[in-house]
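The values are calculated or read from the model by the stated rules, or taken from the named source; none is laboratory data. Owing to the predicted nature of the structure, the values given are computational and were not obtained by experimental measurement. In this analysis, Cβ positions are derived from the backbone assuming ideal geometry, glycine residues included, and neighbour counts consider all displayed protein chains.
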Amino acid sequence: MPETTHATAQITVQVYEPATYDEPADGPGLVRIHVEETFDGDITGSGVVEFLQAAKADGTASFVGIERITGSVGGRPGTFLLQDQGTVAGGVVSGEWFVVPDSGTGDLTGLRGTGGFRADLGQSAAVTLDYWFD
């Protein structure tokens, strides 16, 4: 395993647009959520993501998503993709993500990494990314 660098940042959501696309009489509903957000910290810039979420009536949910970040990591500019998976439970959003291989551009070409995020629902998220370059 290559030597990794630990990055931290805060995400602030700018746009949150949920749209239910399947709502059965029984069982979880399916929701597409468009999100636009900004990153501040070791990761800076903007992100746009589409989430697919299975939402239960009790407010819990499971989701997956793919996000493009345009900005910089550790001062290196470019873009890259994150693949997310997580849950919503007890008013807390948490999950894990990884850098989609070969998705980095500019000075982020070769970026790899894993990390995660946690936030109280509707608040900014604290995020981490342990990253390296191929």
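I'm checking my understanding of the structure. Among residues of segment 47-67 that are under 14 Å from the mean Cα position of the chain (by Cα) and surrounded by fewer than 16 Cβ atoms within 10 Å (Cβ to Cβ), which one is nearest to Glu36 (Cα to Cα)?
Val48
I need a count of the residues in segment 49-68 that are part of a strand (DSSP E or B) and over 20 Å from Ala126 (Cβ atoms).
Total meeting the criteria: 9.
Can you pull out every residue in segment 26-66 that is under 22 Å from Val92 (Cβ atoms), of a type in the set (Gly, Ala, Ser) and at pLDDT 95 or above?
Of everything in segment 26-66, those that are under 22 Å from Val92 (Cβ atoms), of a type in the set (Gly, Ala, Ser) and at pLDDT 95 or above turn out to be Gly29, Gly41, Gly47, Ala54, Ala55, Ala61, Ser62, Gly65.
Wholly within segment 69-134, which strands (runs of 3 or more DSSP E) include no fewer than the required count, namely at least 3 residues that are touching a residue at least 60 places away in the same chain (Cβ under 8 Å) and within 12 Å of the chain's Cα centre (by Cα)?
Hits in segment 69-134: 111-120, 125-133.
Taking the criterion of being farther than 18 Å from Thr5 by Cβ, within 13 Å of the chain's Cα centre (by Cα) and charged (D, E, K, R), would at least one residue in segment 18-33 satisfy it?
Scanning segment 18-33, I find no residue that is farther than 18 Å from Thr5 by Cβ, within 13 Å of the chain's Cα centre (by Cα) and charged (D, E, K, R), so the answer is no.
How about segment 61-95: which of its residues are more than 22 Å from Tyr131 (Cα to Cα) and among the polar types (S, T, N, Q)?
Correct list: Ser62, Thr87.
Determine whether Asp84 is surrounded by 14 or more Cβ atoms within 10 Å (Cβ to Cβ) and touching a Pro at 6+ places or on another chain (Cβ under 6 Å).
no
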